[in-house]
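Participant: Before we start, here is the structure in question, set down as structure tokens.
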Amino acid sequence: MSTSRDAHVEEILTTARTLRSQLGTDFHEQLVEAVYATAARITDRAVIKPGEKARLTLDRTIDRLVTSRLWGFPIMFLLFAVMFWLTISGANVPSAMIAWLLIDTIYPLLREGAAAIGLPWWLWGLVIDGMYLGTAWVLSVMLPPMAIFFPMFTLLEDFGYLPRVAFNLDWLFKKAGAHGKQAMTTMMGFGCNAAGVIATRIIDSPRERMIAILTNNFALCNGRWPTQILIATLFIGSLVPAYFAGLASAMAVVGVASLGVVLTFVLAWALSRTVLRGQVSTFSLELPPYRPPRILQTLYTSVIDRTLLVLWRAVVWALPAGALIWLTANIHIGGPSIAEHLIALLNPVGFFVGLNGVILLAYILAIPANEIVIPTVLMLTVLATGATGVGEGAGVMFELDDTKALIELLRSGGWTLLTGINLMLFSLIHNPCSTTIYTIYKETGSAKWTAVASLMPVALGFAVTFLVAVVWRAVAG
Amino acid sequence: MTTPIMGAPAAGCAACPIHNVANLLKLGVTMDNWNFVVALAGNPNTGKSTVFNALTGLRQHTGNWPGKTVTRAEGGFEYRGHRYKLVDLPGTYSLLAASPDEEAARDFILFGRPDVTLVVVDATRIERNLNLVLQVLEITDRVVVCLNLMDEARRHGLEVDDRTLARELGVPVIPASARYRQGLDEILGAVSDVATGRFVCKPRRIQNEPPELKRAVAELTARIEEAFPGLPNSRWVALRLLDGDEHIIQAMRQGDLGELGTAGPTEPASTGVVTGEGGR
């Protein structure tokens, strides 16, 4: 009895497999659509909704627009462009204020105070020039954009737009073998990769969640936008006539960010066909009615949950990084400082990939926070070129406001257009910051996957910059 | 798509209501001292918990589904001389995807074979809620729909015709406002009618499938019925197999599904009274 039933079962399963292959891949969607159509027909017969009509039509009109094949993507790009523009330009003022307070006002006071009570130079150098200043940089560069970006993001979520974005992007992620909800976590990553990694909790399937974690780094985070914007302004903007400069550099930055999105899809595709093979899970996405966002509550929760949490982790990492940067610039071994030794050591590698030793060292020292890459690059360039009259002294991070002085300084450090372009590429494709690495470890609980998430982007970054350098040198001679 | 005409449950049903004790035990539900088991399903935010609390009062306790981190509440009530155990399923929008919540809800309705599944529906969002109702109706005939939040629907100027809805769905539909304890008696009456077999549901199946899908489902359903005569939800099993549902494939291989049909070798003959042709 039981064996004959087993044979029956296998026969049924074979029939099911054959029929399934004939039906094609959109079976699940067809089924869901059939359910929805039946539900809609019954509702039409049983429900009269005079009061709801007006609101429903408005909702449907918005939905038809923002999820349309033609307008869905342009509207999405436009909305996010506006959001990024508001973040970048809106962050300048509070950033400058925090920098004025922490760096221009408190910092000299601390130095004077330290001198007055007669602390040894190495102690105040380490604590004030190193740890305090490093943390002050991270705070002033990171806090304002996060405090602007996360609430806006949460407001869009509250309004009901984000589920529509997931709806628009679902088929792309599905094609890449990833989960449709990764659209959300990728967008969170544009704010902060650590927050994006935490957000992958919304993905139920462990396989697809891992893909989302591993590729989140390619969403260009807030901390990297300043690098992109500065380098684009200096090297791309200067290529075109002055009235095009702003547009050209903006396009370059958007281009790099879009490349990150393309890389996300390519890597998700590659991962889901190699180490993370498996079925794409389907999910029902509820498109909730549009609601006026609860602004105050949103501000409160996004500041408490997202901004402060991420900021705290960044500060924890910036303190030791500031100390390390100061130490490498001020401990001398046989004449030159450790930093100068390392730059000399890294220079050949840097040349190989169209960068230089200063940039590579800055990226190693600035693993804790992408925000301090540019200040560190400038500090190290001054150290390496022996330029005088700029900055505050050895091992002290600074930024220059004057574009002309800045590009002169970099040119004297041997920078070319290739260096600029490759720095922009490397800034997109390199290891996540230590805050994100730590978060990945906490979320996955696996040292192996954390290592993959950290090393895979570096390897890819070197490959890309190397290729660009080879092609560039072959073409430009 | 026509569906097989459901036979009436045998008259003895009221006397032997606990037909499925072994499977219920596997799902963590003990049936000592209870006559019927009722599953409570529904979308999130439909007032499902309010209904649960209103029906069970303080006689409830919470725990987890076996092997899952999904919480479950259980309670009970007495009505017209029968004792009913009420099991609160996780709130879900569908039973098609593979989230742990949906799996727990689906497994209970499929393998636990509750005597009645009470689906709580938000009267202000009927269309979305019906998606779940229709999916539940694919698995079990014995359904009562509680049209909750009627007060809110009226406030929004919505007119819901529960009789049309009941006719369309083929199961009892009871308007209620659990928050104000309105409609509870009617719910209890309908649950009792379905549980004791006094009311026989003739549920509506999902329609509108593309023709090639319909053909595939019909072919596979016929095969399944041949192998497992009396399986109450062969059409639904066919749909799941076509979707490549590993869980159901496994249940089929291990014989869990076969047990649900009257011809299943391990099941005593007296248990075929619940639904479907096995009852005839």
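Participant: So what J values fall out for region A:465-475 if you push phi through Karplus, 6.51 cos²θ - 1.76 cosθ + 1.60 with θ = phi - 60°, rounded to Hz, Gly and Pro as x?
Facilitator: 5, 4, 4, 4, 4, 4, 4, 4, 5, 5, 6
Participant: Calculate for chain A the 222 nm mean residue ellipticity that helices alone would give, adding -39,500 (n - 2.57) per DSSP H run of length 4 or more and normalising by residue count, nearest 500 deg cm²/dmol.
Facilitator: -23000 deg cm²/dmol
Participant: In region B:155-170, whose amide N lies under 15 Å from the spot 7 Å out along Cα-to-Cβ of B:Glu186? List them in ranges.
Facilitator: Label zone hits: B:159-167.
Participant: With axes computed from alpha carbons, what is the tilt in degrees of helix A:434-444 against the longest principal axis of chain A, rounded to the nearest 10 within 0 to 90?
Facilitator: Long axis of A:434-444 versus the principal axis of chain A: about 30 degrees.
Participant: Please list, in chain and number order, the residues 5+ apart from A:Gly354 or on another chain whose amide H is under 5 Å from its amide H, with Hs placed from the backbone.
Facilitator: none
Participant: In nm, to one decimal, how far is the modelled label at A:Leu13 from the one at A:Val316, with both set 7 Å along Cα→Cβ?
Facilitator: Calculated label separation equals 4.7 nm.
Participant: Would you please give the FRET efficiency between A:Ser21 and A:Asp59, computed as 1/(1 + (r/R0)^6) with r the Cβ-Cβ distance and R0 = 41 Å, to the nearest 0.05? Walk me through the intermediate numbers first.
Facilitator: Working: r = 39 Å, r/R0 = 0.95.
Step by step, r from the Cβ atoms, then E = 0.60.
Participant: Compute the long axis of helix A:206-215 from its Cα atoms, compare it with the longest principal axis of the Cα atoms of chain A, and write down the angle in degrees, 0 to 90, nearest 10.
Facilitator: Helix A:206-215 sits roughly 30 degrees off the main axis of chain A.
Participant: Along Cα→Cβ, 7 Å out, is where each label goes; now give me the distance between the ones at A:Leu309 and B:Ala218 in nm to one decimal.
Facilitator: Rounded to a tenth, the inter-label distance reads 5.4 nm.
Participant: Work out how much length A:Tyr300 to A:Leu109 would gain on full extension: take 0.36 nm times their residue separation and subtract the Cα-Cα distance, in nm to one decimal.
Facilitator: Details: separation 191, 0.36 × 191 = 68.76 nm, distance 3.33 nm.
The A:Tyr300-A:Leu109 span can extend by a further 65.4 nm.
Participant: Evaluate E = 1/(1 + (r/R0)^6) for A:Lys175 and A:Ala405, where r is the Cβ-Cβ distance and R0 equals 35 Å; express this FRET efficiency to the nearest 0.05. Don't skip to the answer; put the middle values down first.
Facilitator: Numbers: r = 48 Å, r/R0 = 1.37.
E(calc), rounded to 0.05, equals 0.15.
Participant: Taking beta carbons within 10 Å but only from partner chains, what does the mean come to for residues A:11-24?
Facilitator: Details: counts 3, 11, 4, 1, 9, 16, 4, 3, 11, 6, 0, 4, 8, 2.
Mean inter-chain Cβ contacts per residue within 10 Å come to 6.
Participant: Then there is this: Could you rank the peptides A:269-279, B:144-154 by their average count of other C-beta atoms within 10 Å per residue, with the highest value first? Can you show the working numbers first?
Facilitator: Details: A:269-279: 14.5, B:144-154: 23.6.
Those peptides, ordered most packed to least, come out B:144-154, A:269-279.
Participant: Only Lys, Arg, Asp and Glu count, each charged at its Cβ (+1, +1, -1, -1), so figure out the dipole size of chain A about its Cα centre, rounded to 20 debye.
Facilitator: Details: 31 positive and 28 negative charges, 256 e Å.
That gives chain A a dipole magnitude of about 1240 debye.
Participant: Continuing with this model, one more query. For the peptides A:191-199, A:123-131, what is the packing order when you average, over each peptide's residues, the other Cβ atoms within 10 Å and list the highest mean first?
Facilitator: Values: A:191-199: 27.6, A:123-131: 20.1.
The packing order, highest mean first, is A:191-199, A:123-131.
Participant: What is the average number of partner chain Cβ atoms found within 10 Å of a Cβ in B:81-94?
Facilitator: Working: counts 0, 0, 0, 0, 0, 0, 0, 0, 0, 0, 0, 1, 4, 6.
Other-chain Cβ atoms within 10 Å of each residue's Cβ, averaged: 1.
Participant: Hey, rough spin-label estimate for A:Asp6 and A:His28, points 7 angstrom out along Cα→Cβ, what's it come to in nanometres?
Facilitator: In this crude spin-label approximation the distance works out to 3.1 nm.
Participant: Set the Förster radius R0 to 30 Å, insert the Cβ-Cβ distance between A:Tyr243 and A:Leu79 as r into 1/(1 + (r/R0)^6), and round the FRET efficiency to 0.05. Write down the numbers at each step before the final one.
Facilitator: Working: r = 27 Å, r/R0 = 0.90.
Between A:Tyr243 and A:Leu79 the formula returns 0.65.
Participant: About the Cα centre of region A:124-234, what is the dipole size in debye to 20, counting +1 per Lys and Arg Cβ and -1 per Asp and Glu Cβ, all else neutral? Walk me through the numbers before you get to the answer.
Facilitator: On the way: 8 positive and 6 negative charges, 74 e Å.
For this selection, approximately 360 debye.
Participant: Let me ask you something else. Average partner chain C-beta neighbours within 10 Å, per residue of B:160-173? Walk me through the numbers on the way to the answer.
Facilitator: Working: counts 5, 4, 1, 1, 4, 5, 1, 3, 6, 2, 0, 0, 0, 1.
Mean shielding by partner chains, rounded to a whole number: 2.
Participant: Something else about it: Report the gain in length on full extension from A:Leu86 to A:Ala270: 0.36 nm times residue separation, minus Cα-Cα distance, nm rounded to one decimal.
Facilitator: 62.8 nm
Participant: Sticking with this one: Taking chain A as the reference, fit the longest principal axis to its C-alpha atoms, fit the long axis of helix A:27-46 to the helix C-alpha atoms, and give the angle between the two in degrees, 0 to 90, nearest 10.
Facilitator: 70
Participant: Taking a 30 Å limit on the Cα-Cα distance, which of the listed pairs A:Lys175/B:Lys48; A:Lys181/A:Lys442; A:Lys181/B:Lys202; A:Lys175/B:Lys202 fall beyond it?
Facilitator: On the way: A:Lys175/B:Lys48 37 Å; A:Lys181/A:Lys442 21 Å; A:Lys181/B:Lys202 38 Å; A:Lys175/B:Lys202 41 Å.
In this structure, A:Lys175/B:Lys48; A:Lys181/B:Lys202; A:Lys175/B:Lys202 lie more than 30 Å apart at Cα.
We did not get these values from a lab; they are worked out from the coordinates using the rules stated. Bear in mind that the values here come from a model prediction, so they are computed numbers and not experimental data. No Cβ is skipped: glycine too gets one built from the backbone with ideal geometry, and neighbour counts run over all protein chains shown.
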